[in-house]
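No value in this document is a laboratory result; all are computed from the given coordinates. Please read all numbers here as calculations on a predicted model, not as lab measurements.
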Amino acid sequence: MKTPLALVSLALLAALTGGCGGDARQSAAAKASGPACPKAWRVGWQRLANRIDAPVYCPSWVPSPLTAELEGEWNTVNSVDPDRSYLVGFAWQERSEEVHVNFRGYPGRTRVPTCLDVQTGAGKVRRRPVPCFSDARGVKRAGGVVATVYTVNRDADMWHVLYAWRRQGTLYTLSEHIAPPLTYARVVQNLDRMLRGLVLLEPRS
């Protein structure tokens, strides 16, 4: 049974205010040179940037056992809409356990997108527009990015913690599902590490 959104928000608030550790195993050389998009992953992410004619953020790390290779074993969605917005997702699932991360971009748009909230009752179906990302819980800063943390999210980001930021007129997001074997605090740690390791790729003609 999944945790109600309100409890998710409270638990995540505790995790966010409790501090998040980095990965002590990072080598001094890697820290000095900065993050790099792995060669096996870069090809697909560069192709995405070219396809939408806008920069994208390639991760240099994602939580195990995932890799961020587009069209690879763990890539579950690689979708581009007519407006050039994209959703890229990676997931591993086994019985009741799951590791699932999403990356989004909205070229030329900075507003939080709108989703439909569907409620049923008394034989009626009610649909109302609501923000796809809501319940802001502070900000995270890394590598020049200032990301707002959202703990109530919808559609493909349901039950995720989501980081959203803006760069030169484009909204970007990074999210991870809160599900066993990961705790709330571990999800936030993973998101912090992914945020620190993002590599911006410009489109090439």
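Applying the Karplus relation 6.51 cos²θ - 1.76 cosθ + 1.60 with θ = phi - 60° to region 196-205 yields 3J(HN,Hα) values of 5, x, 5, 10, 7, 10, 7, x, 10, 7 Hz, where x marks Gly and Pro. When Rg and the Kirkwood Rh are both derived from Cα coordinates, the Rg/Rh ratio for region 119-205 amounts to 1.08. With a Cα-only, solvent-free Debye model of region 150-190, what are the log10 I(q)/I(0) values at q = 0.27 Å⁻¹? Ignoring solvent entirely, the Cα scatterers give -0.91. Does region 28-122 come out rounded, prolate or oblate by the C-alpha gyration tensor, with a ≥ b ≥ c the root eigenvalues, rounded set by a/c under 1.5 and, if not, prolate when a/b is larger than b/c and oblate if not? Judged from the Cα gyration tensor, region 28-122 comes out oblate (a/c at least 1.5, b/c at or above a/b). Based on the Stokes-Einstein relation at 37 °C and a viscosity of 0.692 mPa s, and on the Kirkwood radius from alpha carbon pairs, region 107-169 is assigned a translational diffusion coefficient of 247 µm²/s.
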